[in-house]
Structures are given as C-alpha cells and as structure tokens.
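The structure appears below as structure tokens.
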Amino acid sequence: KLNYFQQPQDIKESDFVEFLEKYGRHSFLAPSQVQPSFSAFYRAGDPILIYFSSSSVLSTLRQPVKMGASGLCVDGNPAGFLDSKSTSCTRIFANLSKSCMTDPALDAASYYRDFTVLKVPINDTVMQSMKVIYEIEYSGTSGIQSVSVQFKVSNISGNSRSSLQQRFTVHFWVSIPILPGILPSLTLSLMLPRSGNPGYITGAPLLIANSGAMQHMSILRSESDGSCSQFLRHMVQFGRNMRTGCKISLSPTLEDSNCSYMQQKLYKAFWGMNRTEDFAITGNAHSTQAEEWMTILIQNCSVQAVNCTSCCMVPVTLEIQILWTKVGLLSNPQAQILGARHFYQCHPLKFLNMSTIPVTTVVTFTDMTDWPEPPRGQPQMHWKLPFDIFFPFKIALNVERSYRGDLAGYLLLILIIPSIFCF
C-alpha cells in the first residue's frame, strides 16, 4: 500500500469544476513570440542592423566577446548603438596554418565583406508567409511510396523595401496497406506513434479520436501578421501548458451577418480539420479498445446576448482543461488522464463592427495525484528488566573469586611445608 499511488477518483461532468478548483494552481504560460519591430531611428543600446545583399538576409553587426572562465570567443554578441567598448577573447586552433586560410575569424574580409550597414532601422511591412509543405509517404520495407507538395502563395506589392517570410515543412508518414475487413480509420490510427507505454510521457502529443480515427490534439497558430493560420497548428503536448492568440477575419457579407453562421465559423476555427470527440486515457491507447477512451466535455456559448439586441455571442476563448494523475508504483509512475473539458468563453459581437476577431486558446494540465500515506518509522525497543536479573551472574562471579583465593592459599602452604622440613 505504501509503495503505490492511490486509486484515482472518477471524474464526472457534474464534479469537473469542483476538482479543477481543488487541485488547480497557477499555470505556467509561455510568453508569446512577438515579431521584432524597429523604430524610425536607432536608440542607445539598439543592435546595429546589417544587410547581406547576396542572400537577402537581415542581420546584426556582431562583436566577439569572451565567455566563461577560459575566455573563449563567442561571435553571436550584437554591437549596441552608442555603446563604445573594447573586447578581447581567446580562440583555439587545432592547426593554425590551415585555419589561417579557412577560418573566417582570421580573415579580415569577413568583418566587412558582402554586407552593408543600415543607416536607420528598416521599417518594412512583413508580407504574408509563403508556405511549401511536402507530404512524403514511406514504407519500412519498400522505401518512399509517394511525394506530394502543397503551396500557399500570396500577392505582394511592388514596394522597394519589404520583406517576405517563407516557411517550409516536410512531413513523413507511414504507409500501411489496408487489409480485408479493416476500416481505413483504423489504418490511419496505426500511423501515429505512441505517446507513452502505458502512461503519457511529458512532451508527447495528446492523443484524440474522431469517428474512430486517432489524431493529435492541436490548437490555433498565428501567422507573422497575427492572423490565424489555415494550415499550421500548434500540437498539444502532455503536461505542458500553452497559450496562443491570433485574429480571425470576418468578411462583411450578408451570410456572415447570420449569428449562427458566425458562431459555427469560429467554432470550426478552434476545432481545426475535425471536431475532437474522445481523448486517450493513456499514451498507448488503441482505437478499438473503448475502455481506453473517454469523451471530452464541451461547454459552448449561449446563443442569446445579454442587454444587446443587435449582438451575437461568439466564442473568443477556448480553455482546454485536462485533469491527470499518476498511478502505479512510486518507483515507476504512469501518467493517465482522468478528464478533459473544452470550455468556451464568449463575447457579444455587434454586426456593424465586424472585421477581425481576436481569439485565444489556453491549455492547462492539472495534477490530481493522490499520494500514498507516508511510511511510519520503525518501532523503538524499550527494555524493561527486573532489578535482580543479573543476580545469578554475581553469585557465580563471587564463587569464582573465592575459589581463586583458596587455590592461592593451598599453593602457598605447599611451598612453606617443605622448607620447614629441610631445616
């Protein structure tokens, strides 16, 4: 009993909020990655920007500094505007004569060649990203079976000073032949690797199912301009809290003026390609084992807006709340999920003010592990002996002493008697 975690409690829809408030704590929310913005002029301490015309790369002017107790050179330190200073560091070369001809650190031209220094920080507008996604199907025995590519292109203006972000993705997936009597959905589920065996591993994808097909849970992901991506999404990793934000565009058409249509559009944006129905309790759940899956609790928004006749209650925040626990031996704990809920927070939206809607997705993992009782200390020995327990030993010791005294007297008498007769 003391070596095992206690059995987890069953989570029901009625007591989900109660357990969440009891075990919930402040979650760690990773800061969102903000694209760097440059002002119209340099400020003190700002990195000095340089531009490589041959490769169309914008970078910063570097000033090597020493790092650590050995003082070795680190080349990634940017030089700050109006920050005058001198640095020195040590470089180690295995073959100095060879490095003299090949190492850029010993080539004077590498400190000024092929780049220009910008007078003022560039203030470009970043165009919408161009995406290239390769899908490669392969088999473990027959190699690559097929390759497909997807493109997302954007119109760009003819401005002389602008930047374009490109994104390239390569995705591999296993090709498994469909055997007679096996549904295609089961074939799709076999393509996904396990997220643990049996318990979830921290950082592994969270397994979900939709109509029997296993997938990875994902949430909205923003583009460089802050809009919600239509192709790429963040994967939900077990045990790691997340928070993302982006903007969804609503075109001012007659169809969009319908409240239910706008609600469904935002719900579908939160869902992604398919709506999540079930989640895997453990990381090695099989799609055919119903006892290894649980239904996700979903709380949608109310259709009616309060104190607003021309408003529509639309979902603007999705909170994915996951309750989990550790089970099994203390020496080898296994993480499993007890319950999950999609909780939508809504906001009244006026029809006359429709352009873009900022939406937020929050993922929190709450640990409900019920630890076993702490082991008690070993009982202490309290000896209670009678006062005369050593009496027999004392008697024997006195007899031994008396016997030794008599023996010494006899020996002395034997030595004295012969001396008397000799005289």
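The values are calculated or read from the model by the stated rules, or taken from the named source; none is laboratory data. Given the structure is predicted, the values throughout are model-derived calculations rather than measurements. All Cβ positions, even for glycine, are placed from backbone atoms using ideal geometry, and neighbour counts span all protein chains on display. Side chains included, ligands, DNA and RNA excluded: accessible areas come from the protein's heavy atoms. Shrake-Rupley method; radii C 1.70, N 1.55, O 1.52, S 1.80 Å.
Structure data summary
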{"quantity": "Restraint check, 98/119; 268/326; 22/247; 22/326; 22/265, Cα-Cα greater than 27 Å", "calculated": "98/119; 268/326; 22/247; 22/265"}
{"quantity": "Carbon + sulfur, % of accessible area of segment 192-369 - ligands and nucleic acids excluded, 1.4 Å", "calculated": "51"}
{"quantity": "Calculated over segment 192-369: convex hull of Cα atoms, volume per residue (Å³)", "calculated": "121"}
{"quantity": "Heavy-atom accessible area per residue - segment 192-369, 1.4 Å, Å²", "calculated": "47"}
{"quantity": "Ordering of 330-342, 288-300, 97-109 by burial proxy (mean other Cβ atoms within 10 Å per residue, highest first)", "calculated": "330-342, 288-300, 97-109"}
